[in-house]
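Below is one structure, written out as structure tokens, with a few remarks after it.
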Amino acid sequence: MADEEDEAGFEEEMLEDGSSGGVDVGHGRRKRLFSKELRCMMYGFGDDQNPYTESVDILEDLVIEFITEMTHKSMSIGRQGRVQVEDIVFLIRKDPRKFARVKDLLTMNEELKRARKAFDEANYGS
């Protein structure tokens, strides 16, 4: 009985519209959006250079589920129906690792914007 519950936890959950969350390309297969990037990341974190397709698929399902949940949550707070950076930061504020990473990425983005602006002004003389 406990085995049945464990197996049920691994079955693919269906969304309200009957889909499974991936981009359906017909014949029961889904278009994989991040498989190339995930393979590279898995290799970078110590996996084999060519990881099992099943491992990549499971990881991609988890990534898509996380993105979908975060998007839905962020659309329900702040300005209704819109996803804004501040909403994402608000949602991850209690996870120190994610929060620190988002802060680093946002800071780097601002630095890149300033550098591009300075480069354009130097080259094109605004």
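Only lysines eight or more places from residue 103 in sequence, or on another chain, were considered; those with a Cα closer than 17 Å are 94, 113. Counting only lysines at least 8 places from residue 31 when in the same chain, there are none with an alpha carbon closer than 19 Å to its own.
The phi-based Karplus calculation (6.51 cos²θ - 1.76 cosθ + 1.60; θ = phi - 60°) puts the 3J(HN,Hα) values of region 30-35 at 10, 6, 8, 8, 10, 5 Hz, whole numbers, x for Gly and Pro.
Working note: Karplus 6.51/-1.76/1.60 with θ = phi - 60° gives region 107-116 the couplings 5, 4, 4, 5, 5, 5, 4, 5, 5, 5 Hz, where Gly and Pro are set to x. Only lysines eight or more places from residue 98 in sequence, or on another chain, were considered; those with a Cα closer than 19 Å are 73.
A short reminder: the numbers here are calculations on the coordinates, not readings from a lab. Just so it is clear, the model here is predicted, and its values are computed rather than measured.
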